[in-house]
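Peer 1: Submitted below is the structure of interest, expressed as structure tokens.
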Amino acid sequence: MYTKFLILILNGLTQAAIFFVLGSGLTLAFGLMRVMNLSHGAFYLLGGYIGYSVVHATHNWPLALVAGSLSIALLGFLFERTMLVRVRGGDLPETLLTIALSMIIADVSLAIWGGHPLTLNLPAYLNPPIRILGITYPGFRFILMGLSVLIAFSLWLILYRTKLGASVRAGVDDRETASALGVNVDKIYSFVFALSALLVGVAGVLGGSYLQLSPGSDTTILTYSLVIIILGGMGSLLGTVVSSLILGQLLSFGLAYAPQYSYFLIFVPMGVVLAIRPQGLFGRQV
Amino acid sequence: MEVSDLHTYYGKSHVLQGCTVTVEQGCVAVLGRNGMGKTTLLRSVMGLTPPRSGSVQWRGEEISRKKPFAIASMGIGYVPQGRRLFPSLSVEEHLTLTYRPKRTANQWTPQRVYDIFPELAQRRKLSGSRLSGGEQQMLAMGRALVTNPSLILLDEPSEGLAPIAIERIVETCRELRKANISILLVEQNIHVAAAFAERIYVLLSGVTVYESGAKAFLENPDLRQKYLGL
């Protein structure tokens, strides 16, 4: 019983680590730009696939992480600069544009990587079995959690300890006033969108290394991402941390005790929060 | 700065219907009742609600098609109505975020803002939204000053403030005049305008209908009655 619980909690933490990396970028981009990037899931999938190909070709997992995340960051940057910028402020065109991109990515990925589920091969040195509190648990999952904490900490540093971060926060609070005081909000937009893409690229490589990548993962991941940031409060980093932890455990225990409902379960806290606190746990009223 | 025949719309509503204002050295106040387009005038100058026609010339350059941040970096400071501080930023961050150094002896630095508003120095680490109304107005002005502007747009600085806080703001504006910063002031409170404005414009339904020296207008009850109902 105890062992099972411990494993479930650790699984939940692993899940939460991925959830945080997924949600943090999306929530920042939404908080600042009010643009819901519906190609977030497709970015994840593509990042994972690119990582897969790099691992396949070079057997170098760290290189795959770098390649997967940087290429998605570049894609995000170019997409924002050349496309999104043209429909700024229009909810419907933004939605259509990001959905269109996600479909294009999904189909191109299907053509290149096929329909079979793929998983990135982890080198043994990154996945040593670790004995902890009487159980043995895959070491890579601890690396995952560590990376997620590291990312959270770096994001916090950037946001709260640099001038760039202050301008991002000012833009989130009131982009009009920020721009009227000489902050180049357009530049900040590009930066944040690229950062968001970078993070989801990281999530793709990490997720693809312990879950499977297959056509359809993109929509599942997009759904998760949306639930995470709606529960936490859109635009809030702390909210994303908390909601990732809640949803990670819920998914992990749900899979163990009520597998047929586990996917449904993660919507429950979101439903409750939307009913009593529509701005999310840590969100501010928009 | 020369604003001529400015027309601005919010969607279909025609708010500014031919607004002409000239600011040379000194302080110009634009008066008018609520809903006459005063705030829209400043927003149009700043590029926040770009005018549909007309022109805004700043030091001989047309700026009415430029973006707000570009206009701001040409030396125009903006103090919006209702202060609009950033709740996620501390007092100190407000001043360092917009600080744009200028290579002159009397440039505005965050320190200089603290010198004229010592109460802000004591609240350095506090969020901008947790200050009193008067302090918020000081911070909103300080945040515009550290951009080292030659002209500052002040939108209803006295709104919602206690008389003693208003006095501080008026005092500060006089200081700015001494420091050779021009002011374009939009006000409902004519006593504030009277305290340091040199020229007066009256805005009626988006049209500048009256212009004169400040004294001539403020000392003439008939004119005040006619345009402001005071």
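The values are calculated or read from the model by the stated rules, or taken from the named source; none is laboratory data. Nothing here was measured: the structure is a model prediction, and the numbers come from that model. Every residue, glycine as well, gets a Cβ built from its backbone with ideal geometry; the counts of neighbours run over all protein chains shown. These accessible areas exclude ligands, DNA and RNA; they are computed on the full protein's heavy atoms, side chains included. Shrake-Rupley method; radii C 1.70, N 1.55, O 1.52, S 1.80 Å.
Peer 1: What FRET efficiency would be calculated for the residue pair residue B:220, residue B:10, taking the C-beta separation as r and a Förster radius of 22 Å, to the nearest 0.05?
Peer 2: 0.10
Peer 1: Taking only DSSP H segments of four or more residues, each worth -39500 (n - 2.57), what value at 222 nm results for chain B once the sum is divided by all its residues, to the nearest 500 deg cm²/dmol?
Peer 2: Calculated at 222 nm, the ellipticity per residue is -10000 deg cm²/dmol.
Peer 1: Where does chain A land at 222 nm, in deg cm²/dmol rounded to the nearest 500, when only DSSP H runs of n ≥ 4 count, each adding -39500 (n - 2.57), divided by all residues?
Peer 2: -25500 deg cm²/dmol
Peer 1: Between A:115, A:68, A:41, which gets the highest mean-square fluctuation from a Gaussian network model of chain A, Cα cutoff 10 Å?
Peer 2: Top of the fluctuation ranking is A:115.
Peer 1: Continuing with this model, one more query. First obtain the Kirkwood hydrodynamic radius of chain B from its Cα pairs, then insert it into the Stokes-Einstein equation at 20 °C and 1.002 mPa s, and state the resulting D in µm² per second as a whole number.
Peer 2: For the chosen part, D equals 120 µm²/s.
Peer 1: Express as a percent, rounded to the nearest 5, the fraction of DSSP beta bridges in region B:2-228 (both residues included) that run antiparallel.
Peer 2: 55 percent
Peer 1: Please find, in a Gaussian network model of chain A (springs between Cα atoms separated by less than 10 Å), the residue of A:108, A:66, A:273 whose mean-square fluctuation is greatest.
Peer 2: In this elastic network of chain A, the residue with the biggest mean-square fluctuation among A:108, A:66, A:273 is A:108.
Peer 1: I want the local charge near residue A:162. Using Cβ-Cβ distances under 11 Å, sum +1 for each Lys or Arg and -1 for each Asp or Glu among the other residues.
Peer 2: +2
Peer 1: Could you identify which residue out of B:148, B:106, B:34 has the top mean-square fluctuation in a GNM of chain B using Cα springs shorter than 10 Å?
Peer 2: Between B:148, B:106, B:34, it is B:106 that shows the largest mean-square fluctuation.
Peer 1: By average Cβ neighbour count within 10 Å, what is the ranking of A:259-269, A:11-21, A:138-148 from highest down?
Peer 2: A:11-21, A:138-148, A:259-269
Peer 1: How shielded is B:76-89 by partner chains, expressed as the average number of their Cβ atoms within 10 Å of its Cβ atoms? Display every interim value, and only then the final one.
Peer 2: On the way: counts 2, 3, 5, 3, 5, 0, 1, 1, 7, 4, 11, 6, 12, 6.
Rounded to a whole number, the mean comes out at 5.
Peer 1: Work out the mean other chain Cβ neighbour count within 10 Å for the residues of B:94-100 and drop it here as an integer. Could you put the intermediate results ahead of the total?
Peer 2: On the way: counts 3, 0, 2, 11, 8, 2, 2.
If you average over the peptide's residues, the count of other-chain Cβ atoms is 4.
Peer 1: With axes computed from alpha carbons, what is the tilt in degrees of helix A:237-257 against the longest principal axis of chain A, rounded to the nearest 10 within 0 to 90?
Peer 2: Taking Cα atoms only, the helix is inclined about 30 degrees.
Peer 1: How much of residue B:170 can a 1.4 Å solvent probe reach, expressed as accessible area in Å² and rounded to 10?
Peer 2: The value for residue B:170 is about 10 Å².
Peer 1: Can you give the net charge of the other residues whose Cβ lies under 14 Å from the Cβ of residue B:17, counting K and R as +1 and D and E as -1?
Peer 2: +2
Peer 1: Angle between the Cα long axis of helix A:185-210 and the longest principal axis of chain A, 0 to 90 degrees, nearest 10?
Peer 2: 10 degrees
Peer 1: Here is a follow-up. Give me the 1.4 Å probe accessible area per residue for the protein assembly as shown, excluding ligands and nucleic acids, in Å².
Peer 2: Computed with neighbouring chains in place, this is 43 Å² per residue.
Peer 1: What does the charge count around residue A:230 come to, taking other residues whose C-beta lies under 15 Å from its C-beta (Lys +1, Arg +1, Asp -1, Glu -1)?
Peer 2: +3
Peer 1: Counting only trypsin sites (Lys or Arg not before Pro) that are in a DSSP loop and have at most 12 other C-beta atoms within 10 Å, tell me the longest site-free stretch of chain B.
Peer 2: B:126-230
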